[in-house]
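Single-structure report; data block below.
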Amino acid sequence: MQRRYITVDVFTDRAFGGNPLGVVLDAGGLSTAQMQAIATEFNYSETTFVLPPQDSANDAQVRIFTVRSEIPFAGHPNVGTGFVLATQAAKAPARLRFEEKAGLVPVEILSDQGNVSGAELTAPQALQRMNEVSAAEAAALLSLSVSDVKTDRHAPQVVSVGLPFLVVEIASREAVRRAKPDAAAFAEALPRIGRDVIYFYTRDVPANEQPLDLQARMFHPGASGISEDPATGSATAACAALLADIDAARDGELRLRIGQGVDMGRPSLLLTRVRKQSGAITSVHVGGGCVKMMEGMLNVSGEGS
């Protein structure tokens, strides 16, 4: 059986930037094992599988796989899948609703001069602030010194709006650039706090990288050791929600332009919006541009269940 796929670079306006994504269309009939095998074959940070919705009021059921396992929600897979489905439609929709394991994910379609250019998701869950770790532990994970970790606004903390990440603020752009994952520290500390990925950022953005508000990186276990992600929408959304939560403003919208992937040669731009009312976060959004890269057919033996 052949299955059509399209790949896109997400959170970028140019080819070979952003985060690559494989989108498998018409995935009905594939087993979980087959989906996992296909995701491993693509070897991207995530691959999505588009299935008919369980509720006809929604547009699709979307399952998301890393090279290691299925996950309940992620950022660039939603943005990229929304972009792909909108470009394949006879008339591009204004918005889509995806059923995912974390809940319903609304996706707004972005356009530029009448052409679909990207998408923006709304996070499926409210901000959750969970385990904290010490500055020393966070520094060890990144092969940095304790003085490189800032804690004046928030401690290193696991936060989530659908998928949890350890979020750490770093003092300088230079420290973000020289950070390296320490495999031994990852193996010791992260399983204890219940998460195996670390997202770290700095407000120290040099003039040649502005008008960014933050510059970020993310390390996670990959197919062969610890890998770096060039654009992580779910972590960016969680970080933006955390920053909005600790902001003194009780009402309004916090907008941030966040760079990622620069230090690995795949520059990405993630645009976040967090709305607050009476001191409470009411919605969290992250979006950006997409570029179609490849399309083709997968040969899959047999049907699953």
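Given the criteria open to solvent by less than 50 Å² (accessible area, probe 1.4 Å) and in a strand (DSSP E or B), does Arg273 qualify? Criteria met by Arg273. Looking across Glu188, Glu169, Glu120, Glu137, one residue alone is acidic (Asp, Glu), under 25 Å from Val8 (Cβ atoms) and not in a loop (DSSP other than H, G, I, E, B). It is Glu120.
Can you find even one residue in the range 50-59 that is free of Cβ contacts under 8 Å to residues at least 40 places away in the same chain, in a loop (DSSP other than H, G, I, E, B) and open to solvent by less than 40 Å² (accessible area, probe 1.4 Å)? The answer is no; no qualifying residue exists. Checked against the criterion of being part of a strand (DSSP E or B), surrounded by 15 or more Cβ atoms within 10 Å (Cβ to Cβ) and either modelled with pLDDT of 95 or more or not β-branched (Val, Ile, Thr) (or both), the range 25-46 contains not a single residue that satisfies it.
Of the residues screened, Leu254 is one that is open to solvent by 30 Å² or more (accessible area, probe 1.4 Å) and at pLDDT 95 or above. Taken as a whole, the condition of being more than 13 Å from Cys290 (Cβ to Cβ), without any contact (Cβ under 8 Å) to a residue 40 or more places away in the chain and surrounded by 18 or more Cβ atoms within 10 Å (Cβ to Cβ) does not apply to Pro93.
Within the option set Arg266, Arg217, Arg195, being outside any loop (DSSP other than H, G, I, E, B) and either touching a residue at least 40 places away in the same chain (Cβ under 8 Å) or of a type in the set (D, E, K, R) (or both) holds for one residue only, Arg217. When Gln125, Gln113 are checked against the criterion of being farther than 21 Å from Ala240 by Cα and either surrounded by fewer than 23 Cβ atoms within 10 Å (Cβ to Cβ) or at pLDDT 95 or above (or both), Gln113 stands alone in meeting it.
Would it be correct to say that Val62 is assigned to a strand (DSSP E or B) and closer than 21 Å to Pro106 by Cβ? For Val62, the condition - assigned to a strand (DSSP E or B) and closer than 21 Å to Pro106 by Cβ - is met. Of a type in the set (Ser, Thr, Tyr), modelled with pLDDT of 95 or more and under 20 Å from the mean Cα position of the chain (by Cα), is that true of Thr7? The answer is yes for Thr7.
The values are calculated or read from the model by the stated rules, or taken from the named source; none is laboratory data. Note that the structure is predicted; figures quoted are calculated from it, not measured. When we count neighbours, we look across all protein chains shown, and the Cβ atoms used for this are built from the backbone with ideal geometry, even at glycine. Side chains included, ligands, DNA and RNA excluded: accessible areas come from the protein's heavy atoms. Shrake-Rupley method; radii C 1.70, N 1.55, O 1.52, S 1.80 Å.
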